[in-house]
Every structure is written in structure tokens, then in C-alpha cells.
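A.B. asks: Have a look at this one before I ask anything.
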Amino acid sequence: MGAALASRKSARHLRALDYPRSVVRWVGVVGLLVSTAFASPAHADEPPPEGPEGRVMQAPEPPPEAEEEERGLDLVIPVGRLGWGTAQSVQPGNVGGFAFDLAVGGRLLFQDLGEGDAATAERWRPSLTGELGYSRQAGDYGTHDLTVGLGFGFQTLYVGLHLFETVTFGVSGDGRYGLRSTVRLETLMGLFFLDVGHVATFAGGTTAHDIRGVIGVDVGLLISLFVITGLLH
């Protein structure tokens, strides 16, 4: 009898010791399931939607950004201008005479203003021209001047239109100076040109106004063309 009671007490004691271990195991299993559920986003394992014929549909890619076309400097052209023409006063007195121009400088030719893939010879290009030179007016004038000019315009390969402002300084020592406003029409990138302009000359407190017309050739551009042609051959 005593042995049976002792056996029952021992069994109950062992079950009592196993109870906390079982609770710990169940708590661990539940915690693992909860952590797994929260760590994985919803529908993470779902495959991407399929389109017609079982093809996988991908999200559309954003369109590529359009590249802006550069509008920078394209070409530098030398200038070596020779021109001959006439000057005529617009004031009473019928003053007039032969006119001669010699100028050197350079022209900055920028990218064309057209739209499309390839440039063409007919597209207009902005240009900026700087010149230093000598100007002679003979006949009733008998003047010699140094000139500094700046021009802006547009041109194609075949024709160009430019506006020039030129400051003139007399070399005779009488303090004469002037301002020449010119419209220049060119052809073949400035190889041949026509200048028509107005000249205001200031000397001794008086102002003289003249109309001036000159035609000529750009010798500097012509020499450059010969040099380039010779190098290519």
C-alpha cells in the first residue's frame, strides 16, 4: 500500500515538473508564427499578373527624357575685307567722293535655328562679327580713319543679313570721330558683300551726315578656302 502511494506521488511530481516546459515550448511556437507573419509582407509570394497567352505583364517603363539640342558655337571664320564704293553728303553742298574700306577680324558662327535631325545649307545661323580696319574717303572729304566695328546677324550658306555699328577715329589730329550704322548683305558665307549705311561725323562742334555704299570681297575667307582646298588635296 505504501509503495503504491509513493509511486502515485512520484508520477504527479514528474508531471508537475513537465508542465512549465510544455508551456515554454508552446509560447515559443506561437511567437515564431507571429514573427514570421509580420516579417513577410502581404502577397509577397504571389506571382506577377499574367497577360494574354500567359505572358507576364511588367510595369511600363517611363519614357526617356528628350535630349535638348545644343545651341553653341559652331565655327570661327576669319575676316579680311576689301571694299570700294562711294560716299555722298545728305546736306547741301553736293559733297561726295570715293570710299575705300580695309578691315580684318573674325566671325563667330553659331548652331542653326532649324528643327530636325540634320543641318542643311538653307538654315539660318546667328553670327557675331568683330572688325578692326582702315577707311578712306577721297574727293571732297580727303579723310583717313581707323575703324572698330561690331556686327550681329543671320546667315545661311548662300545669303546673310547683318547690322553693323562702327566707330571711326580720324588720324589727322583734328579730333574727328564718327559713328557708322550699316546694313550688310552677303552671299556665299560673306565672300561677297554690299554695305549701305549712314555716317555721322563729329568735328569742331559740327555734325556731318553722309550716305555710304560699298561693295567688296572677303579676301581673308578666300585665302582660307584656298588653303583648306590645298590641304585636302
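A.B. asks: With 10 angstrom as the radius, rank ASP174, ASP74, ASP112, ASP210 by how many other C-beta atoms surround their C-beta, starting from the fewest.
C.D. replies: Ranked by crowding around the Cβ, least crowded first: ASP174, ASP74, ASP112, ASP210.
A.B. asks: Using 0.36 nm per residue, how much length does the chain from PHE192 to PHE154 gain when fully extended, once their Cα-Cα distance is taken away?
C.D. replies: Between PHE192 and PHE154, full extension yields 12.1 nm more.
A.B. asks: Please give me the summed charge of the neighbours of VAL104: other residues whose Cβ is under 9 Å from its Cβ, Lys and Arg +1, Asp and Glu -1.
C.D. replies: 0
A.B. asks: Assuming R0 = 25 Å, can you tell me the calculated FRET efficiency for the pair HIS144 and ASN94, based on Cβ-Cβ distance, to the nearest 0.05?
C.D. replies: 0.65
A.B. asks: Hey, got the Cα dimensions of segment 146-232 along the principal axes, in Å, largest first?
C.D. replies: Cα spread of segment 146-232 along its principal axes, largest to smallest: 56, 24, 18 Å.
A.B. asks: For segment 82-216, max minus min Cα coordinate along each principal axis, in Å, sorted largest first?
C.D. replies: Taking the Cα atoms of segment 82-216, the three principal extents are 58, 24, 21 Å.
A.B. asks: Mind checking the full-extension length gain between GLU165 and LEU108? Use 0.36 nm per residue of separation minus the Cα-Cα distance, one decimal, nm.
C.D. replies: Residue separation times 0.36 nm, minus the Cα-Cα distance, leaves 18.9 nm.
A.B. asks: Where does the charge balance sit around TYR141 when Lys and Arg score +1, Asp and Glu -1, over other residues with C-beta under 14 Å from its C-beta?
C.D. replies: Combined, the nearby Lys, Arg, Asp and Glu give -1.
A.B. asks: How long is the gain from ILE211 to LEU73 if the chain were fully straight, where each residue apart is worth 0.36 nm and the alpha carbon distance is subtracted?
C.D. replies: 46.3 nm
Each reported figure results from applying straightforward, stated rules to the coordinates on display, with no laboratory input. Keep in mind that this is a model prediction, so the values were computed, not measured. Ideal geometry is used to build each Cβ from the backbone, glycine not excepted, and the neighbour counts take in all protein chains shown.
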